[in-house]
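Chemist: I'd like to ask some things about the structure below.
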Amino acid sequence: MNKKVISALLCAAMAASMATPVLAEGTAEGKTFAVVTKAAGNPYNEKEASGFQEVIEAEGGTVIVKHPETATADAQISVVQSLISQEVDAICIAGNDENALQASLQEAMDAGIKVACMDAKVNPDSRMTFVNQAGTMEIGQALMDAVLDISGGEGQWAILSATSQATNQNAWIEAMKEVMQDEKYSKLELVEVVYGDDEPQKSTDVTQALLQNYPDLKVICAPTTVGIAAAAKVLQDSGSACKLTGLGLPSEMSEYIGDDDAHSCPYMFLWNPIDVGRLGAYTSIALVNEEITGAAGDTFTAGELGDYEIVDAADGGTEVILGAPFKFDPSNIDEWKDIY
Ligand code: RAM
């Protein structure tokens, strides 16, 4: 290459490097966004927070990620209080209790902080809107149909939930009970709802107790990623005839998903928890920029997730729904296990 060509190339390269730098889109620039999950040590919560963080950083904002030590309202109240004193611009929280956070979250909103919740809602007076992972009745229907199918249409079944205060699990359990009223499910007997508090050891213990107390138990439905993973191990290791379904992370459940006796879970459901966090971030940004107020009918664009509309929620507040629950079974689990 002769010198002229080299210097021309160098000049072109310099000009390109001096041209407008690639900037983040900047819709969150100069603002601080906090995400508060249910508790530390829950991989699902970590994935939600990672989606939230990714979007805020890409949009030029500052992120504060808080995983309270325990899945309790008290632990979240002290986190919210410290975020109020830090004068953050927005808080997006997965509530550990529907009503107990109201005073703190109202104090935050009175101070001008935009408050949304995601994953597990707080009551309408405590939030501007709720980022719901999927339609509550749709989840209830999918889970009940799975219990009906896996049990062969009749027999005893139980629910292994997270904490007894968790509004998302409680809403899904209520939805299952409503669906269960239909004649089609009349031969199924729900024997007990037990709580593993989203702690692996407690979830293991209550699963073992269920198997002891109900030797004919046909299905356990665990609408929590922590619970389902713990129960899957108990059932599979003991070679129990009792089967499992519920809401699980493919990365934690792939070794338990299968159609044969060697596997404890024929199939389960979930959505992308990283996308829940991403939608939580876009919702918070739209609230901070006053593009939306959180009222039904408000619309906004959530980056690559697409366009969303805020709608009325069954509790009298509003919500924005990420999408439909997705079924994971032996045919697709390998595609998803490395993703989330
Ligand atoms: C657990 C948590 C979380 C819930 C998922 C399905 O990880 O309880 O809040 O949404 O399960």
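Chemist: How high is the relative contact order of the stretch 157-309, in percent, with contacts defined as C-alpha pairs under 8 Å that are six or more residues apart?
Modeler: The normalised contact order for the stretch 157-309 reaches 18 percent.
Chemist: Also, I was wondering about something else. So what's the net charge close to GLN236: Lys and Arg +1, Asp and Glu -1, counting the other residues with Cβ under 14 Å from its Cβ?
Modeler: My count for the surroundings of GLN236 gives -4.
Chemist: Next question. Each label point is 7 Å from the Cα along the Cα-to-Cβ direction; what then is the distance between the points at GLU309 and ALA296, in nm?
Modeler: Distance between label points: 1.2 nm.
Chemist: Can you tell me, using C-alpha contacts under 8 Å and at least 6 residues apart, the relative contact order of the stretch 242-331 as a whole percent?
Modeler: Computed over the stretch 242-331, the figure is 28 percent.
Chemist: Within the stretch 276-340, report the GluC sites (Glu not before Pro) that DSSP leaves as loop and that have at most 12 other Cβ atoms within 10 Å.
Modeler: Within the stretch 276-340, the qualifying GluC sites (Glu not before Pro) (loop, at most 12 other Cβ atoms within 10 Å) are GLU290.
Chemist: Rounded to whole Hz and in sequence order, give me ³J(HN,Hα) for the stretch 246-263 from the Karplus expression 6.51 cos²θ - 1.76 cosθ + 1.60, θ = phi - 60°, writing x for Gly and Pro.
Modeler: Per residue, the Karplus-derived 3J(HN,Hα) values read x, 10, x, 7, x, 5, 8, 10, 4, 6, 9, 8, x, 8, 9, 5, 6, 10 Hz.
Chemist: So, one more: Considering amide H positions built from the backbone, and no H for Pro or chain starts, which residues 5 or more places from LYS31, or on another chain, come under 5 Å of its amide H?
Modeler: THR62
Chemist: Can you pick out the pairs among LYS202/LYS233; LYS38/LYS337; LYS66/LYS114; LYS38/LYS66; LYS38/LYS243; LYS187/LYS243 whose Cα atoms lie more than 19 Å from each other?
Modeler: Correct reply: LYS38/LYS337; LYS38/LYS243.
Chemist: Still on this structure: Can you tell me the relative contact order of the stretch 57-180? Whole percent, Cα pairs under 8 Å, sequence separation 6 or more.
Modeler: Worked out over the stretch 57-180, it gives 22 percent.
Values quoted throughout were computed directly from the atomic coordinates according to the rules given, and no laboratory measurement underlies them. Treat the numbers as computed from the prediction; the structure is a model and nothing was measured. No Cβ is skipped: glycine too gets one built from the backbone with ideal geometry, and neighbour counts run over all protein chains shown.
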